[in-house]
Amino acid sequence: MGIQIVKQGKRDMDRTFPYNIGLALSGGGAKGFAHLGALQALEERGIKPDIISGTSAGAIVGAYYAAGLKPKEILKLFLKHDAMDFISFTIPKEAFLKFDGFIKFLKETLPVKRFEDLNVPLCVVASDFDKGECKVFTEGELLPRVIASCSIPILFKPVMIDGVRYVDGGLYKNFPVTPIRDVCRKVIGVNVCPKFDEEYDDNILHVAMRSYLFMFSQNAVEDSKLCDLLLEVDSIEGFNILRLKNATKIYYQGYRQMAELLDKNVLSI
């Protein structure tokens, strides 16, 4: 297998890094199942991250994986459910949707309650809605911070943590490479939202989601350049980010593309 390291040189030679391999996982709703497939391909080649950074769907996958669950175990948990088990419509005063079912699901299935108890260090990226800035959580209670990272404004109401309202991390950093770049010798990045659908339904929820996808795609550009190994999962842009019915297809797309990428590039570790 041939190898091409994307970024190497002075960064690697002059410093000792706290972590060897970092993994950055983007937001992307149900497209985040591709993260699980990519993780499976990495594991099969003996590559495991020493630290994980995740936004929204990436934060969810990162939390389960850092807690010790295997990619296929995580997929299996979700395959038992439909999206409507997790979200429901509400009177649109603060938001259109509620996360009550998903919160219950996370409480029942996440084996770890606090960041400090995870097997692998985790950075969960959210947006401080009061100050208008990116926030990286690395300690404290895990569940509210993961939910905050997923709470797209208008669709879901902000999550209150220590008196501050937080919303989806994708608002400022949908592909969170920056939070771990300077502490890792190598960073593997998986972006499941490099593109967005050209066609969309003409209703308020889809218009809102499309508006955010423009933003998410744009603010990921600079972080993408910071990866040593970058997977931008294509061929899944046609899948609705709020539906789980294509979870298995999305998982295997992430698996196949990461396997192909690794066959072409051997990461020097």
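Whole-Hz Karplus values for segment 123-135 come out as 10, 10, 9, 10, 10, 6, 7, 7, 9, x, 8, 6, 10 Hz, taken residue by residue from phi with 6.51 cos²θ - 1.76 cosθ + 1.60 and θ = phi - 60°; glycine and proline positions read x. Database remark: amide H of residue 165 closer than 5 angstrom to the amide H of 129, 130 (H placed geometrically; neighbours at sequence offset of 5 or more, or on other chains; Pro and chain starts carry no H).
Could you list, in their original order, any pairs among 31/72; 80/173; 72/245; 135/245; 48/186; 72/225 whose Cα atoms are separated by more than 21 Å? List each step's numbers first, then the result.
Values: 31/72 15 Å; 80/173 30 Å; 72/245 16 Å; 135/245 32 Å; 48/186 12 Å; 72/225 29 Å.
Violating the 21 Å Cα-Cα cut-off are 80/173; 135/245; 72/225.
When the alpha carbon gyration tensor of segment 129-171 is reduced to an equivalent ellipsoid, its three semi-axes come out at 15, 11, 10 angstrom, largest first.
Quick note: the coordinates plus some simple rules give every number you see, no bench work behind them. The shown structure was predicted, so the numbers you read here are calculated from the model rather than taken from an experiment.
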